[in-house]
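One structure is given below, encoded as structure tokens.
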Amino acid sequence: MKVTFKIWRQDSPDSKGELKTYETDGLTEDMSFLEALDHLNEKLVLKNEKVVAFEYDCREGICGQCGVFINGRAHGPHDHMTTCQLHMRSFKDGDTITVEPWQAGAFPIVKDLVVDRTAFDRIVEQGAYITAKTGTAPEANSIPVPKEVSDAAMDMAACIGCGACVATCKNASAALFTSAKINHLNKLPQGKAEQHTRLLDMTKQMEVEGFGSCTFTAACEVECPAEISISSIAEMNARYVKAKIFG
Amino acid sequence: MSIFFRKFIIAATGLFLCIFLIVHLSANSLLLLPEASARGLYNAYSTTLRENPLITAVSYLLYLSIIFHVIYAAIITIKNRKSKGTGYRVNHKQENSTWASQNMGFLGVFILLFIVVHLVNFWARVKLGIGESVGLDVDGNTDVYEITYTLFHNIYYVLFYILLMIPLGFHLHHGLKSAFKTLGFYHKKGLRVLAKISLVYAFVMSIGFGVIPLIVYFK
Ligand code: HEM
Ligand code: SF4
Ligand code: FES
């Protein structure tokens, strides 16, 4: 399989980047997208050229490291899928594939396809945890949690922090990510004690980092690998009002 | 002022304007009646409204809503553009979201243009007495019907009033359902129903307002 990659190359945060074209041969349909990039990099090494920097860790859709913009979509052409789960069979022989890093003011480019997503970490630091020291794993039945509540909390906990929601959003809003982190804990009895400060602190940080506001275009829920729904953002808004009144 | 507060203002004022549009369209459908009954009824209705202090209060709320909606919409559109950064070389937004949702500000500019022209056509003449003076009908009511009648016998105004209902329809289709989510309505089944209601609402409003000038033109 033969494809033409057009890949964003940028040496450092301050340098000017550009799309560079690479003709790539010898790919197979069974290769994952990241393996295709590995393949390209091997060729570049042999030619003594600088390899394309891109991030990954698990390569099985759980770490959230691998996000890039592929042919105008976050994580490529499919809905709800990470870049590492995308395979070359989703493209045709001879295709041109444009690969760009996430674009958002709060996600500065580090190098090539790698962006700095520590803004997410700073939002998490504002309260996406409970402050009680829990020691070792407690007896599971000591705090009863209704099945619907634990299921709903698990759905929110599925967010892998990949940043696709921000990357695809016309406002670079982090509302989907932040709402998932907030709702996850605020739904559970363990999270209730700090629900209002958690919400106010985390949303404040979201704004401090320079993320935009939410227009509900719903692009994020289409690209989100964890299928977090935009109703999660509406729920965060409802909780915001509650926190302002009772918090 | 927080990111939430600005959006709450846009949503609340937007919803208020949405309710206003229902009332406005209901009243304007009087214009669809045959000339003989339409003139008397419409003028009587419009005079009653103008003389009611409660309605006057609501009308000030309406002006404020438009002003705040536009100001905050402009603020967040600018802020959001700054958040975005440089943007992509290739971006297939149409595959994950509707065009209207991506272009609310752009659509809003057309609506604002419409509102300004519309106010000059009616409100400025009837309320402020600016422009050509307005006569009285046989019952002694201000003849607002006559303004409508003459305005909509000018084909350029008819076209303007019809065409500008297209951006309104798109703005309302996304705006109505979005406003509820902004204000914290998150019931999943309810949101699916709301999406359908928004579509029907946008259709009824844009076609309803759009068809009136056309019918008056052929009267
Ligand atoms: C009849 C007049 C109008 C009505 C009924 C209306 C209604 C609405 C509604 C219900 C929303 C949704 C609020 C939300 O997303 O929470 C909205 C959003 C918006 N409106 Fe309007 N609007 C009107 C006129 C205008 C005008 C004149 C402008 C600008 C010049 C404008 C600009 C915007 C913008 C930019 C948004 C999107 C805000 C965002 O990014 O979420 N609108 N409108
Ligand atoms: S909400 Fe979805 S798209 Fe956003 S960071 Fe979490 S997993 Fe990624
Ligand atoms: S590499 Fe871990 S999610 Fe893709």
Problem set entry | Hey, B:His118 part of a helix (DSSP H, G or I), more than 21 Å from B:Ala12 (Cα to Cα) and out of contact with any His (no Cβ under 6 Å at 6 or more places or on another chain) or not | yes
Problem set entry | Single residue of B:Phe110, B:Phe160, B:Phe106 found to be open to solvent by 90 Å² or more (accessible area, probe 1.4 Å) and either in a helix (DSSP H, G or I) or of a type outside the set (A, V, I, L, M) (or both) | B:Phe106
Problem set entry | Selection count where residues are more than 8 Å from chain A (Cβ to nearest Cβ) and open to solvent by 40 Å² or more (accessible area, probe 1.4 Å), scope the range B:82-102 | 2
Exercise. Residues A:Lys111, A:Lys43, A:Lys92: which one is under 16 Å from A:Val3 (Cα atoms) and either among the hydroxyl-bearing types (Ser, Thr, Tyr) or touching a residue at least 12 places away in the same chain (Cβ under 8 Å) (or both)?
Worked result: A:Lys43
Exercise. Within the range A:186-206, is there a residue that is at pLDDT 95 or above, of a type in the set (A, V, I, L, M) and within 10 Å of ligand 2 (Cβ to nearest atom)?
Worked result: no
Exercise. Can you pull out the residues in the range A:59-80 that are touching a residue at least 40 places away in the same chain (Cβ under 8 Å) and open to solvent by less than 50 Å² (accessible area, probe 1.4 Å)?
Worked result: A:Gly61, A:Cys63, A:Gly64, A:Cys66, A:Gly67, A:Val68, A:Phe69, A:Arg73, A:Ala74, A:His75, A:Gly76
Problem set entry | Single residue of A:Gln195, A:Gln205, A:Gln190 found to be in the same structural domain as A:Ser231 (by TED's automatic domain parsing), more than 16 Å from ligand 1 (Cβ to nearest atom), touching a residue at least 40 places away in the same chain (Cβ under 8 Å) and within 30 Å of B:Phe106 (Cα to Cα) | A:Gln205
Exercise. Tell me, which residue of the range A:227-241 that is more than 16 Å from B:Ile3 (Cα to Cα) and either open to solvent by 10 Å² or more (accessible area, probe 1.4 Å) or within 8 Å of another protein chain (Cβ to nearest Cβ) (or both) is farthest from ligand 2 (Cβ to nearest atom)?
Worked result: A:Ser231
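The values are calculated or read from the model by the stated rules, or taken from the named source; none is laboratory data. The structure presented is a predicted model; accordingly, all values stated were derived computationally and were not measured. Note that each Cβ is placed from the backbone with ideal geometry, even for glycine, and that neighbours are counted across all protein chains shown. When the accessible area is computed, the model is the full protein with side chains, heavy atoms only, and any ligands, DNA or RNA have been set aside. Shrake-Rupley method; radii C 1.70, N 1.55, O 1.52, S 1.80 Å.
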